[in-house]
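These notes concern the structure reproduced below.
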Amino acid sequence: QVAALAPDIVHSHHRYPAFIAGTLSPGIPHVTTVHSFLTGKKRIRIRADAWIAVSDAVYEWLIHGFGIDSGVLSVIRNGSPAPDSPPRSARREIRNVLAAGRFSPEKGFDILLDAWKRLPDPLRSSLRLVVAGTGPEEARLRSMAADCGDRVVIRDGSGIMEDLYREADLVVIPS
C-alpha cells in the first residue's frame with residue numbers, strides 16, 4: 001500500500017511505526033528517528049537506510065546497545081539554539097511556562113490545564129502558561145484555558161517557537 005503512494009522516502013518515528021514502515025515499504029528509502037532507548041526490543045528488526053538519534057546518549061545506545069552502524073546514524077537534537085543573551089523573562093516578576101506540541105489527546109495538554117488550576121494561588125499568580133500548537137483538540141483546550149484565568153494563553157506557535165522557547169523560564173512536556 002505504501003508503494004502505491006509512490007513516496008520518495010518514508011520517515012518514521014518510534015519503534016513500532018519504524019517496524020511497520022520498514023516492513024511495508026521495501027525498496028523505498030526509510031529514515032527513522034529514535035527519541036528514546038529501544039530497551040528490550042532487539043528481536044524487532046527495523047529496516048532503515050538511515051537513523052536519526054535525538055541525543056548523544058541515544059546515538060551511543062543505538063550503536064552499542066542495538067548494533068546500529070555509525071555510518072548510517074546521525075544526531076539531530078530537538079529544540080532550538082541557546083539564546084545569545086539571557087531570556088528577557090529573567091528580569092520579570094511573572095515567570096513564563098511553555099508547553100508546545102500538537103493539540104491531540106495523547107499529548108496531555110488537558111491534564112496540564114487541569115493541574116494548572118490546582119496550583120496554589122500564590123504560585124499560580126507568579127506564573128504565565130503559554131500552550132503553543134494546533135490540532136484537533138484546539139477548541140477544547142481553548143475552552144479549558146478560559147477556565148484557568150487570564151495568565152493561560154493558547155496560541156499557534158508556527159514560526160515563533162524559537163522566540164517562545166527563549167522567553168520560557170520553564171518548559172513542560174505533559175505527554
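The values are calculated or read from the model by the stated rules, or taken from the named source; none is laboratory data. Please read these numbers as outputs of a predicted model, since none were measured by experiment. Every residue, glycine as well, gets a Cβ built from its backbone with ideal geometry; the counts of neighbours run over all protein chains shown. Note: accessible area is taken over every heavy atom of the protein model, side chains too, but ligands, DNA and RNA are not part of it. Shrake-Rupley method; radii C 1.70, N 1.55, O 1.52, S 1.80 Å.
Which of the residues spanning the stretch 114-164 are aliphatic (A, V, I, L, M), in contact with an Asp or Glu (Cβ under 9 Å, 6 or more places away or on another chain) and either more than 17 Å from G101 (Cβ to Cβ) or open to solvent by 80 Å² or more (accessible area, probe 1.4 Å) (or both)?
Step one: filter the stretch 114-164 for residues aliphatic (A, V, I, L, M), giving 115, 119, 123, 127, 129-132, 139, 141, 144-146, 152-154, 160-161, 164.
From what is left, the residues that are in contact with an Asp or Glu (Cβ under 9 Å, 6 or more places away or on another chain) are 127, 130, 132, 141, 144, 154.
Answer for the stretch 114-164, where residues must be aliphatic (A, V, I, L, M), in contact with an Asp or Glu (Cβ under 9 Å, 6 or more places away or on another chain) and either more than 17 Å from G101 (Cβ to Cβ) or open to solvent by 80 Å² or more (accessible area, probe 1.4 Å) (or both): just L127.
Any residue at all in the stretch 165-173 that is of a type outside the set (K, R), open to solvent by 80 Å² or more (accessible area, probe 1.4 Å) and in a strand (DSSP E or B)?
yes
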